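Structure first, commentary second.
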């Protein structure tokens, strides 16, 4: 394998990490001028993003680092399926704690919808991981792609640019995981399909 391709794939895997998707998605929505329901003071926007980043990335990622330091896992990249279970349990707990924390606030409903979708997708990913190694990267990007479509329908505003962008990033995430040999094609494609199906199911239930 070309070393440049491998380095690029590692960088993409970090930038497109599933734990960063909620923060990236909400940050992108905050920059959409057509969504009048998201008109908030800058300080409030920064508060939303900061809280989401802490619960959906800092706490889960920090727990992986702690587990690695105490030799509970052999790699921060969690290449072994069985080593993903405890970090996913911690991440799921952190996501659910975030929902409890922000629900009494004035967070726009569209934000809550993203967080609920992300939590639901993460829980499904945890259940599947107990039996089969699935690509959590493509699961996350499949879920956010379906979420953007659902939000467009709910608010009556076509978010075409965000949709195209998310599809493109989904492809890059899949490329990165395949190039690193972190997953095979079946695991990558299944992750994306599951992510989409999870959000479709959640949309019907909500």
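The values are calculated or read from the model by the stated rules, or taken from the named source; none is laboratory data. Keep in mind the model is a prediction, meaning the values are calculated, not measured. Here Cβ is always computed from backbone atoms with ideal geometry, including for glycine, and neighbour counts include all displayed protein chains.
Here are the numbers for the structure shown:
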read-out	value
Filtered residue count, region 77-101, keeping only those that are within 14 Å of the chain's Cα centre (by Cα) and without any contact (Cβ under 8 Å) to a residue 12 or more places away in the chain	0
Total residues in region 141-165, condition in contact (Cβ under 8 Å) with a residue 40 or more places away in the chain and either within 21 Å of residue 17 (Cα to Cα) or surrounded by fewer than 17 Cβ atoms within 10 Å (Cβ to Cβ) (or both)	12
Failed condition for residue 185, given (1) surrounded by 15 or more Cβ atoms within 10 Å (Cβ to Cβ); (2) free of Cβ contacts under 8 Å to residues at least 40 places away in the same chain; (3) touching a helix residue (DSSP H, G or I) at 6+ places or on another chain (Cβ under 8 Å); (4) at negative phi	(1)
Count of region 9-45 residues which are at pLDDT below 85 and either buried (at least 18 other Cβ atoms within 10 Å of the Cβ) or assigned to a helix (DSSP H, G or I) (or both)	9
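For (1) buried (at least 19 other Cβ atoms within 10 Å of the Cβ); (2) assigned to a helix (DSSP H, G or I), each residue gets a yes or a no:
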{"position": "71", "(1), (2)": "no, no"}
{"position": "77", "(1), (2)": "no, no"}
{"position": "86", "(1), (2)": "no, yes"}
{"position": "91", "(1), (2)": "yes, yes"}
{"position": "98", "(1), (2)": "yes, yes"}
{"position": "118", "(1), (2)": "yes, yes"}
{"position": "122", "(1), (2)": "yes, yes"}
{"position": "126", "(1), (2)": "no, yes"}
{"position": "132", "(1), (2)": "no, no"}
